[in-house]
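Here is the structure we will look at.
The values are calculated or read from the model by the stated rules, or taken from the named source; none is laboratory data. All values derive from a computational prediction rather than experimental measurement. All Cβ positions, glycine included, derive from the backbone under ideal geometry; neighbour counts span all protein chains shown. The accessibility values were calculated without ligands, DNA or RNA, using every heavy atom of the protein model including side chains. Shrake-Rupley method; radii C 1.70, N 1.55, O 1.52, S 1.80 Å.
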Amino acid sequence: PRQRSSFTADPGLLAEAKALGVNVSRAAEAGIEAEVKKARWAQWRAENAEAIRSSNEYVEKHGLPLAKYRQF
């Protein structure tokens, strides 16, 4: 089930959205979903920064593993 919530927004923006037939609840949900995705990605990058750094260092030093099999 969906959960009710309330938020504040610019009244002019809400009026324009209403005039254009924008479903404000769905638009807000899509915006929240996008921000959550962005925050999860940032959190993942922060949690895995050391592994990413280590992998990049390996590639810089040794090249790509299996590079000799690349066909491009």
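Does at least one position in the stretch 51-69 carry a residue that is in a helix (DSSP H, G or I), among the aromatic types (Phe, Trp, Tyr) and modelled with pLDDT under 95?
Yes.
Restricting attention to the stretch 59-69, does a residue exist that is over 26 Å from the mean Cα position of the chain (by Cα) and among the hydroxyl-bearing types (Ser, Thr, Tyr)? I'd like the intermediate steps shown before the answer.
Filtering the stretch 59-69 for residues over 26 Å from the mean Cα position of the chain (by Cα) gives 59-69.
In the following step, the residues that additionally are among the hydroxyl-bearing types (Ser, Thr, Tyr) were identified as 69.
Scanning the stretch 59-69, I find at least one residue that is over 26 Å from the mean Cα position of the chain (by Cα) and among the hydroxyl-bearing types (Ser, Thr, Tyr), so the answer is yes.
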Q.
Just the residues that are part of a helix (DSSP H, G or I) and either open to solvent by 60 Å² or more (accessible area, probe 1.4 Å) or closer than 13 Å to residue 5 by Cβ (or both), please, taken from the stretch 16-29.
A. 16, 18, 19, 24, 25, 26, 28, 29
